[in-house]
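Visitor: Here it is: the structure, laid out below.
What follows is calculated from the coordinates using simple rules that are stated; it is not laboratory data. As the structure is a computational prediction, the values presented were derived from the model and not from experiment. Using ideal geometry, Cβ is built from the backbone for each residue, glycine included, and neighbour counts are taken over all protein chains shown.
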Amino acid sequence: MKFTQEQKLYAEIVHKAWDDAQFKAELIANPVAAIEKLTGQKISLPQGKTLVVSNQTDASTVYINIPAKPNTEDVELNEDQLEAVSGGAKGIIGSGDWTTGPVIISPLIPPVTTCPVKPSDFL
């Protein structure tokens, strides 16, 4: 399985926040500046978008993220999605990037509670 640059960056950020309390605090307070400092590269968010980091590391708390409601008015399925639907698939995971995350259309897919990869997996 190949990982996108966004997935690699996301894994690096999460692992750094797990290992470095100061970075985690900076990431929560000013995510763009913290990520730019970590990567040494300027981040360009789409116009009108804001990056928010929420500390969800308390294992005794269950967190629910309520994403923006998707606009499904002019959505067409691609060939792979049509094949999955016609084959009786129970859910479709759409593409996303580290700023939006994947779109999960089925509640039958359990949420990911741990990061299964380490930054070293990409080197």
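Visitor: Using a 10 Å cut-off on Cβ atoms, rank the peptides 65-75, 37-47 from the highest mean neighbour count down.
Guide: Numbers: 65-75: 7.2, 37-47: 10.1.
So the order, starting with the most tightly packed, is 37-47, 65-75.
Visitor: So if R0 is 41 Å, what FRET efficiency would residue 78 and residue 36 give, r being the distance between their Cβ atoms, rounded to the nearest 0.05?
Guide: In this case the efficiency is close to 0.75.
Visitor: Now for a separate question. So for the pair residue 50, residue 16, with labels modelled 7 Å out along Cα→Cβ, what separation do we get in nm?
Guide: Computed distance between label sites residue 50 and residue 16 equals 2.3 nm.
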